[in-house]
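The values are calculated or read from the model by the stated rules, or taken from the named source; none is laboratory data. Values in this document were obtained by computation on a predicted structure and should not be read as measured data. All Cβ positions, glycine included, derive from the backbone under ideal geometry; neighbour counts span all protein chains shown. These accessible areas exclude ligands, DNA and RNA; they are computed on the full protein's heavy atoms, side chains included. Shrake-Rupley method; radii C 1.70, N 1.55, O 1.52, S 1.80 Å.
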Amino acid sequence: MSAERFEKKKTMDLRKKHIGPSCKIFFSHDPIKIVQAKGQYMYDEKGQRYLDCINNVAHVGHCHPDVVKAGAQQMELLNTNSRFLHDNLVLYAQRLQATLPDKLAVCYFVNSGSEANDLALRLAWQYTGHKDIITLDNAYHGHVSSLIDISPYKFHQSSDAEQNQYVHVAPSPDVYRGKYRGEHPDPATAYADEVKDMIQRVHKKGGKIAAFIAESLQSCGGQVIPPQGYFQQVAQHVREAGGIFIADEVQVGFGRVGTHFWAFQLQGEDFVPDIVTMGKPIGNGHPMSCVVTTKEVAEAFMSSGMEYFNTFGGNPVSCAIGMAVLDVIVKEDLQGNALRVGRYLTNLLEKQKEKHPLVGDIRGRGLFVGLELVKDRLKLTPATAEAQEVIYRLKEQHILLSADGPHRNVLKFKPPMCFTTEDADLVVDKIHHILTELEEALGLKSHNALSVENESSKKLPTDENGHQYQSGLAHNRGSSQGVLDKQTKRLKT
């Protein structure tokens, strides 16, 4: 490699000078400079190896040789747009469609999850002739303007943002801390009825539903797993109102859930969306994405009279890479690995729940798992600062994990699919020791304490993304292990 290498400080200075300040960086107080990656590992400029537990983009493993080779070989031959005939485009579309229900038969190739979801909205508006969109609270669907409008995860962060009048936010189907919880006799119906009632309110105001859009499993919203049967009932209500159902698989598709190739399939064979969007893992780091829909929706889009052309979407290199990713998933049984290792990881984490009062909930499917930390298991008070403390401590021990959810208290696991049981053992053991130290600092004991809400801490200035917090555990930057001094570890609210 002939790429110029700078000292870390110079890289940081140049980034501050030339890169937009709203582009946040992990661990802003001491960011990591990554120069190489392979499999489930990333390496900094000094050769230090980090276990990557969060990168669902490098789906089959960072820099997988089969994927790199496929892209390089095709790049040597040809890369052009889809206005020319090329076998890669149709072969890849055929391969993708074979993983989906038959009615999802038409592909549009684009370049990012945001572009895919934006196109999905255009398809819905054109097909239905309607304007209103129903989205879920805490949802995130992308960064372009049309998607910020339907992403409460984003627009709730802006103090001056006004919700689009055509966008309607339904409750997230969260059975842990949502409106209808695990003890409810039928949370799927209860949450679906919220959508039904919302549709009726929209109609009373003269609106008409174009689409309901949801991540098949909410990621930024805190690893939320919708109750089975929820999507079927929502789809029925939406279709009766003349709308269609968009399943966003950008975060969770391509076998990550283990039992199925697509996360929407967890709802049952009787549920098929009208549009599916995919991105992130589709190219293992190469910028590509796809929208798959029905012939009826595609024909309605054509009837608008406007040609759809995407300069880079479906180019021969992207399609070669996409096919290589599908090949590796099968060749290395990565969907099976997600099921086996995911179950192993979940079982390990469930045991931590028995040991640690800070652990409120474990939820997930395959290698998409969330561990929610709470200060009080009855009140479900988010342990936000404690979650950030875990993230920072793990980083010091060369493990990369992050926290998300509306309270940023859910530790999220979505590693490359080559993640192993040994990797799971390592990270869970580290989490166990960190939680043990935190709980000792708080005066907690697992057999007699469910609450840390009345204990306290100094400020943790930022999370791993640079977000500010007003209360929480002080992170001891002076210790290589991040161990808090026993005299200052007490948490006070």
* Structure fact -> residue 140: passes all of (1) open to solvent by 40 Å² or more (accessible area, probe 1.4 Å); (2) out of contact with any Phe, Trp or Tyr (no Cβ under 6 Å at 6 or more places or on another chain); (3) within 17 Å of residue 222 (Cα to Cα) but (2)
* Report yes if residue 311 is without any contact (Cβ under 8 Å) to a residue 24 or more places away in the chain and closer than 30 Å to residue 59 by Cβ, otherwise no. => no
* Would you confirm whether any residue within the stretch 372-379 is open to solvent by less than 20 Å² (accessible area, probe 1.4 Å), closer than 26 Å to residue 266 by Cα and assigned by the TED database to the domain that holds residue 42? => yes
* To do: State yes or no: is residue 118 outside any helix (DSSP H, G or I), out of contact with any strand residue (DSSP E or B) (no Cβ under 8 Å at 6 or more places or on another chain), modelled with pLDDT of 95 or more and open to solvent by 40 Å² or more (accessible area, probe 1.4 Å)?
  => no
* Of the conditions (1) outside any helix (DSSP H, G or I); (2) aliphatic (A, V, I, L, M); (3) within 26 Å of residue 263 (Cβ to Cβ); (4) touching a strand residue (DSSP E or B) at 6+ places or on another chain (Cβ under 9 Å), residue 444 clears all except one; give me its number. => (3)
* Quick one: is residue 103 open to solvent by 50 Å² or more (accessible area, probe 1.4 Å) and assigned by the TED database to the domain that holds residue 291? -> yes
* Selected residue (only one of 270, 248 is under 30 Å from residue 185 (Cα atoms), in contact with a helix residue (DSSP H, G or I) (Cβ under 9 Å, 6 or more places away or on another chain) and buried (at least 24 other Cβ atoms within 10 Å of the Cβ)) -> 248
* To do: List every residue pair whose Cβ atoms lie under 6 Å apart, where the two residues are 6 or more positions apart in sequence or sit on different chains, the first residue falls within the stretch 98-126 and is under 14 Å from residue 290 (Cβ atoms), and the second residue, located anywhere, is part of a helix (DSSP H, G or I) and of a type in the set (Phe, Trp, Tyr).
  => 123/301
* Tell me, yes or no, whether the stretch 229-240 has at least one residue that is at pLDDT 95 or above, farther than 21 Å from residue 81 by Cα, in contact with a His (Cβ under 7 Å, 6 or more places away or on another chain) and of a type outside the set (D, E, K, R). => no
* **Residues located in the stretch 327-362, provided they are within 26 Å of residue 112 (Cβ to Cβ) and within 20 Å of the chain's Cα centre (by Cα)** => 329, 334, 335, 338
* Would you point out the residue of the stretch 424-443, among those that are over 17 Å from residue 351 (Cβ atoms) and open to solvent by less than 20 Å² (accessible area, probe 1.4 Å), that is modelled with the lowest pLDDT? => 442
* Structure fact -> Scanning the stretch 136-155 residue by residue, the ones that are part of a strand (DSSP E or B) and touching a helix residue (DSSP H, G or I) at 6+ places or on another chain (Cβ under 7 Å) total 0
* **Sole residue being open to solvent by 40 Å² or more (accessible area, probe 1.4 Å) and either at pLDDT 95 or above or in contact with a strand residue (DSSP E or B) (Cβ under 6 Å, 6 or more places away or on another chain) (or both), chosen from 186, 160** => 186
* Hey, among 241, 300, which residue is over 24 Å from residue 178 (Cβ atoms), open to solvent by 10 Å² or more (accessible area, probe 1.4 Å), outside the structural domain of residue 340 (by the TED database) and among the small types (Gly, Ala, Ser)? -> 300
